[in-house]
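Working notes, beginning with the structure itself.
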Amino acid sequence: MSILVTGGTGYIGSHTCVELLNAGYDIVVVDNFCNSSPMAADRVREITGKDFKVYRCDIRDRDGLKKIFEEEKIDAAIHFAGLKAVGESCQKPLEYYENNIWGTVALLEVMRDAGCKTIVFSSSATVYGSENKVPFNETMPVGTATNPYGTTKIYIENILQDLYKSDNGWSVSLLRYFNPIGAHPSGRIGENPNGIPNNLMPYIAQIAVGKREKLSIFGDDYPTPDGTGVRDYIHVVDLALGHIKALDRALGKTGVDIYNLGTGIGYSVLDIVKTFIEVNGVDIPYEIGPRRPGDIAECYANADKAAKELGWKAERTLADMCRDTWNWQKNNPNGYEN
Ligand code: NAD
Ligand code: UFG
């Protein structure tokens, strides 16, 4: 069984490639490397001892994708490729709509023409917006995104639902990720952000390694136990394993299935900082700054549906997430660059 992994050299994609290979799937990776390094694929080969093909191809390039489908026998796609920086999406909305939405449409057209109708899509908890109450569950109506990145996730979910309505032969899985952090325990693959990290954990990791001075905590006046924002942090390896379970199920059926991939536990910014310090024995200086526009107070999953239908549950602890992040960062202070 051969799986096309778009964005397979990215952060979540590379970890999922490891688990796909470990589970006995063959994989074909497509990436344009706009936010990743081909070295991630070498590291995946090293971790698993297995080889696979990597195509440098933009998913908006229909002809390029078509060729790959002609050369390879592909049974399903896991679709990670996309731009993901919330702040940047507000500066460059057209680039985000063009890349994420048109890229997905191009991929779907090529898949349809090749008769490959199983897709697992990287959605996000951001689709719940600020209208719903935590814990978020899959039966809640989709909310309003506060930024173009989030809007692309909502649109793409709609496109995939419409596609299924038009042709019941499709099998669509919409996986709504909460906050993926951590790295493979080998320390060989991990998150490698360009420039100044937007997200909490990579920022903390860069302070620990001496690249940044101090964390600014975005607000301590939220209605949460310690006043700082609460999120559902999930170890990227648990998230990757969730994809395997979703794929196993999707291959045997048709329809649209939506799953939250989270732990169901909310931790505050201060919980993360304190655990990182404790587990790794490093200092993380911080100060309280103003709230970041667009942030919500709390975001965590009800993860019961994935447990019930997929038999999947996140197992790694916050301490595991902090330890594995640091193991990756200290061994690769410049990411995949030496
Ligand atoms: P990432 O940037 O590390 O990986 C995305 C990959 O897609 C990169 O390797 C990039 O080079 C590639 N890519 C982007 N546009 C492409 C295109 N047009 N053609 C080919 N390749 C392209 O990001 P990630 O954190 O691994 O996220 C993977 C997916 O999960 C994304 O769709 C993201 O929106 C979604 N997601 C991520 C998070 C998170 O916090 N990391 C949360 C929710 C959802
Ligand atoms: N935070 C800080 N300081 C920082 C960075 C973040 O205090 O320097 C805080 C935020 O205010 C928030 C928490 O840490 O309370 C987590 O922030 P992240 O930026 O790490 O993550 P978000 O929850 O804002 O966003 C993430 C992904 C989005 C996705 C969203 C969906 O980055 O792509 O989860 O749940 F849409």
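Taken together, the values in this text are just the output of simple stated rules run on the coordinates, not laboratory data. In this text, all values refer to a predicted model and were calculated from it rather than measured experimentally. A quick note on method: Cβ atoms are made from the backbone with ideal geometry, for glycine too, and the neighbour counts reach across all protein chains shown.
Structure above, values below:
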read-out	value
Contact order normalised by residue count of segment 209-270, Cα under 8 Å, 6+ apart, percent	42
Selection from G219, G266, I189, by position along the positive dipole direction of the chain (Cβ)	I189
Relative contact order (percent, whole number), segment 173-285, Cα cutoff 8 Å, 6+ residue spacing	39
Lysines with Cα under 29 Å of K274, excluding same-chain neighbours fewer than 8 positions away	K84, K133, K211, K214, K313, K330
Per-selection metrics, segment 89-139 (Cα): Rg and Dmax in Å	14.9, 41
Student exercise, segment 123-231 dipole from Lys, Arg, Asp, Glu Cβ charges, in Debye to nearest 20	320
The chain: mean projected area of Cα convex hull, nm²	15.6
Segment 1-143, Cα convex hull volume normalised per residue, Å³	131
Computed over the chain: relative contact order in percent, which uses C-alpha pairs under 8 Å that are six or more apart	19
Only Lys, Arg (+1) and Asp, Glu (-1) charged, at Cβ; the chain dipole about Cα centre in debye	200
Taking N as its residue count, the alpha carbon Rg of segment 144-263 over 2.2 N^0.38 Å	1.33
Acute angle (nearest 10 degrees) that the helix 236-251 long axis makes with the longest principal axis of the chain, alpha-carbon atoms	20
Leading residue at positive end of dipole, segment 42-185 (Cβ point charges), from F178, N99, S123	F178
Over 20 Å between alpha carbons, listed pairs K245/K308; K73/K308; K165/K253; K245/K305	K73/K308
Listed residues I47, V86, G24: farthest to the positive end of the dipole of segment 1-130 (Cβ charges)	V86
